[in-house]
Amino acid sequence: MTQVFLGMPAGGLGNLVETEPFPAAAHRELGNTQMRKNLRHATHTIRDKRLRVVGELPDWEQLRDAGSAIKNSAMFNLEERLLEFEKNFTARGGVVHWARDADEANTIVRDLIRETGSTEVVKVKSMATQEIGLNEYLETQGIEAFETDLAELIVQLGHDKPSHILVPAIHKNRTEVRDIFLKEMPDVDPALTDEPAKLAEAARKHLRAKFLSAKVAISGANFALADTGTLGVVESEGNGRMCLTLPETLITVMGIEKVLPHTDDIEVMMQLLPRSSTGERMNPYTSMWTGVTEDDGPQNVHIVLLDNGRSRVLSDSFGRSALNCIRCSACMNVCPVYERTGGHAYGSTYPGPIGAILSPLMTGIEVEKNNSLPYASSLCGACFDACPVKINIPEILVHLRGEDVDSQRDKHKIPTQMDLLMKGGSWVLGKGKNMKLVEKALPLGRLAAGKNKKIKKLPGIAAGWTQSRDIPAPPAQSFRDWWSAEKESK
Amino acid sequence: MSAKDEILGRIRTALADAPQAPEVPRGYRTSSELDEEALIELLVDRLVDYKAGVDVIEESQIPQLVADKLAGASSVVTPQGLNPQWLSALPGTIARHVDAPGDRRSVAELDAISAVVTSSAVSIAESGTIILDGEPDQGRRAISLVPDHHVCIVPVSTVVQLLPEAMPRLTITRPLTWISGPSATSDIELERVEGVHGPRTLDVLLVRGM
Ligand code: SF4
């Protein structure tokens, strides 16, 4: 994918960009009522679970404060932390690679796989590899990548896109999942029912042989410890353990923002993450490894440290805390906009409130298709309250809206509609006389509204407002006229 | 310029405003007030919630309980450092395999074995988490992963209430596996289903006086 980027540092490439503006995508997704029903059910279930297990901890707020400070301190000393991690990981037999962007990361991974002579790899859920479009790239290079996470498997077999970062197939219900399995799994029992336990078993059978014979695995990482060079993967099903333990070669692709300064930091993160994401006290499995352990697990261990726009996020002093995200998904589960539009409307790998700030921050707001994302919010603040590392998403959304308006102005060199509107607004609201003048035009609005007293379409950029709602026709009389008449009649 | 130099250069430019790293306020709980009985009760409650099997026993009961748990198994693998006494009540009909340095069981062999018995390093009662660290009584990660049934011995002296209490007991650079219940997924309609790729049955023997 080629993009023209303005300004510095380089923006991210890959699956970070909307293929169409959010309002258009959202409009289409809203028509998918099955998906909305599935989403509503799922987000509400997970919300309730989360509240219950969070309520159990008397020190939840102290943990959030610690989590937020840990991430800030990691980001503010990022260069040192990365160098420290590299030193420790290397000392224990691991190999560190650096990738400026998606293309470079993909090439590094391809070359590492080629060195092993393998043409197949197993994968455990990694947002970073989805962001860089690794599977699609490997396919063009003659390498087949098998997703092993149940939800990713559903998405991959269904030739679909993930819609949620934690449960990527959340938009599919059990019957839809069964239908995909029946159609796409060659060895499946044709009498498969839609009971979740039976579906999980079908996935187990389908992937077992792959796990036992795989020579190369690709993973993401939930964190990297700078002080020891340790990597960690948090998961549920055991597919992570399979990928991290059985193959000879393990290649981890990780964003540079995942580094934590100290070993003790995981005592905070591992309390915050599972409770915020699946609403469990702890996820079933967490694996940690430090380079190579002789006689146990992969002996050829690599990590690709990925920038792809992250340093660009870091350069925005208002927006940089978006890098603190630990991908728990709590913000999307509480978001009224996400609940209705679903993850697909956000286009990028990162949906929901965090996606609405992270994607434009990574690519730059000037990337036209992403500039509507910061408006995909009612600024209700639920995401901020839910965020375990206290990212102030609403504040960053407002900041990005400002950036967008500035960038439009720079591009067009003439006042934008937004500028004119705002100027007009201040003229109207600034003086009672002017306001009165405008109110004279009210009957015109009634004319535009027609018989059913609804305005369906506003002109210019105000059209966005009427895309998803009708405006009632203006009243026959303005408040100011009514007030004067009231006074006179007294 | 190498990718590394370029990325580090970008980071330096991005942080030109030199933001000050905050002190990390560690005001969260770091020590437990529970006595041993309350601790056991809490851990049992969490494990049962995850649908693991749990028995609270004395050390002398280990051989019998291990035999009971493995009643349905046809074969079992153990790490070389496991106390052989613990398997002393197993009937001869159950084939025994040992995974030892220089004499490793292959993945295919492990796949044909029905169960594994290991010890454990540290457990956290509040979250129902058992940590294996690859010591000789726990073995390589593969042996506690591939067989479908895991019988895990947890000495009560290795149980703490809180995660921060577990940290000083861990050697972080060892290969660690944190286990909280049998493998599970919530990927279909967020309904938790036990048993996907990891062992589908987890039996925990919580041993007093050890
Ligand atoms: S922004 Fe906060 S709540 Fe949202 S996914 Fe990231 S860490 Fe979780």
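The values are calculated or read from the model by the stated rules, or taken from the named source; none is laboratory data. What you are looking at is a predicted structure, and each value in this text was computed from that prediction instead of being measured. Please note: Cβ atoms are built from the backbone with ideal geometry, for glycine as well, and neighbour counts cover all protein chains shown.
On the given criteria, is residue B:124 in contact with a Ser or Thr (Cβ under 8 Å, 6 or more places away or on another chain), in contact (Cβ under 8 Å) with a residue 12 or more places away in the chain and either of a type outside the set (Gly, Ala, Ser) or over 23 Å from residue B:41 (Cα atoms) (or both)? Judged against the criteria, residue B:124 is not a match. Applying the criterion of being part of a loop (DSSP other than H, G, I, E, B) and more than 7 Å from chain B (Cβ to nearest Cβ) to the residues of segment A:283-302, the residue that is modelled with the lowest pLDDT is A:294. All conditions in (1) in a loop (DSSP other than H, G, I, E, B); (2) touching a residue at least 12 places away in the same chain (Cβ under 8 Å); (3) crowded, with 18+ Cβ neighbours inside 10 Å hold for residue B:30, with the sole exception of (3).
If the condition is being surrounded by fewer than 16 Cβ atoms within 10 Å (Cβ to Cβ) and closer than 27 Å to residue A:335 by Cβ, then segment A:60-103 contributes only A:61. When A:347, A:352, A:364 are checked against the criterion of being of a type in the set (Gly, Ala, Ser), under 24 Å from residue A:312 (Cα atoms) and either near the ligand (Cβ under 9 Å from one of its atoms) or in contact with a strand residue (DSSP E or B) (Cβ under 6 Å, 6 or more places away or on another chain) (or both), A:352 stands alone in meeting it. Each residue in segment A:53-66 was checked for being at the interface with another protein chain (Cβ under 8 Å from one of its Cβ atoms) and part of a helix (DSSP H, G or I), and 4 of them qualify.
Determine, yes or no, whether residue A:13 is in a helix (DSSP H, G or I) and either modelled with pLDDT of 85 or more or not small (Gly, Ala, Ser) (or both). The answer is no for residue A:13. Which condition from (1) away from the ligand (no atom under 16 Å from the Cβ); (2) assigned to a loop (DSSP other than H, G, I, E, B) is the one that residue A:207 breaks? Exception for residue A:207: condition (2).
Restricted to segment A:256-266, and to residues there that are of a type outside the set (S, T, N, Q) and assigned to a helix (DSSP H, G or I), the residue that is farthest from the other protein chains (Cβ to nearest Cβ) is A:258.
Among the residues of segment B:72-121, those that are of a type in the set (Ser, Thr, Tyr), under 22 Å from residue A:211 (Cβ atoms) and not in a strand (DSSP E or B) comprise B:74, B:106, B:114.
Report whether or not residue A:382 is within 16 Å of the ligand (Cβ to nearest atom), crowded, with 24+ Cβ neighbours inside 10 Å and among the small types (Gly, Ala, Ser). So residue A:382 fails the test. With the structure loaded, tell me whether residue B:40 is touching a helix residue (DSSP H, G or I) at 6+ places or on another chain (Cβ under 8 Å) and more than 10 Å from chain A (Cβ to nearest Cβ) or whether it fails that test. Answer is yes for this residue. Looking only at segment A:67-100, residues that are more than 9 Å from chain B (Cβ to nearest Cβ) and either at pLDDT below 95 or in a loop (DSSP other than H, G, I, E, B) (or both) come to 2 in all. Given B:55, B:68, B:49, which one is surrounded by 13 or more Cβ atoms within 10 Å (Cβ to Cβ) and farther than 29 Å from residue B:167 by Cβ? Sole residue among the options that is surrounded by 13 or more Cβ atoms within 10 Å (Cβ to Cβ) and farther than 29 Å from residue B:167 by Cβ: B:68.
Could you say whether any residue in segment A:411-430 is hydroxyl-bearing (Ser, Thr, Tyr), at pLDDT 60 or above, assigned to a helix (DSSP H, G or I) and over 22 Å from residue A:64 (Cβ atoms)?
No: zero hits.
Scan segment B:4-27 for residues that are more than 7 Å from chain A (Cβ to nearest Cβ) and surrounded by 12 or more Cβ atoms within 10 Å (Cβ to Cβ) and jot them down. Residue satisfying the conditions is B:9 alone. For segment B:44-71, a residue qualifies if it is assigned to a helix (DSSP H, G or I) and over 30 Å from residue A:280 (Cα atoms), and the qualifying residues are B:59, B:60, B:61, B:62, B:63, B:64, B:67, B:68.
Scanning segment A:133-153 for residues that are away from chain B (no Cβ under 14 Å) and surrounded by 24 or more Cβ atoms within 10 Å (Cβ to Cβ) returns a single hit, A:134.
When you go through (1) buried (at least 19 other Cβ atoms within 10 Å of the Cβ); (2) assigned to a helix (DSSP H, G or I); (3) at pLDDT below 90 one by one for residue A:177, which number turns out not to apply? Failing condition for residue A:177: (3).
Residues that are surrounded by fewer than 21 Cβ atoms within 10 Å (Cβ to Cβ), assigned to a loop (DSSP other than H, G, I, E, B), within 9 Å of chain A (Cβ to nearest Cβ) and of a type in the set (Asp, Glu) do occur in segment B:167-190, at least one of them. Tell me, yes or no, whether segment A:353-366 has at least one residue that is modelled with pLDDT under 85, more than 30 Å from residue B:25 (Cβ to Cβ) and either away from every other protein chain (no Cβ under 14 Å) or surrounded by fewer than 23 Cβ atoms within 10 Å (Cβ to Cβ) (or both). Among the residues of segment A:353-366, at least one is modelled with pLDDT under 85, more than 30 Å from residue B:25 (Cβ to Cβ) and either away from every other protein chain (no Cβ under 14 Å) or surrounded by fewer than 23 Cβ atoms within 10 Å (Cβ to Cβ) (or both), which makes the answer yes.
Being within 13 Å of chain B (Cβ to nearest Cβ), part of a helix (DSSP H, G or I) and within 16 Å of the ligand (Cβ to nearest atom) is the requirement here; does residue A:321 meet it?
When the stated conditions are applied, residue A:321 passes them.
Residue A:311 falls short of the stated requirement of being small (Gly, Ala, Ser), at the interface with chain B (Cβ under 10 Å from one of its Cβ atoms), in a strand (DSSP E or B) and more than 12 Å from the ligand (Cβ to nearest atom). Among the residues making up segment B:128-137, a single one is over 22 Å from residue B:161 (Cβ atoms) and touching a helix residue (DSSP H, G or I) at 6+ places or on another chain (Cβ under 9 Å): B:134.
Looking across segment A:218-239, the residues that are over 24 Å from the mean Cα position of the chain (by Cα) and either surrounded by fewer than 23 Cβ atoms within 10 Å (Cβ to Cβ) or more than 8 Å from every other protein chain (Cβ to nearest Cβ) (or both) come down to A:226, A:227, A:228. Filtered by the rule that a residue be more than 7 Å from chain B (Cβ to nearest Cβ) and crowded, with 22+ Cβ neighbours inside 10 Å, segment A:240-255 gives A:240, A:243, A:244, A:247, A:250, A:251, A:252, A:253, A:254, A:255.
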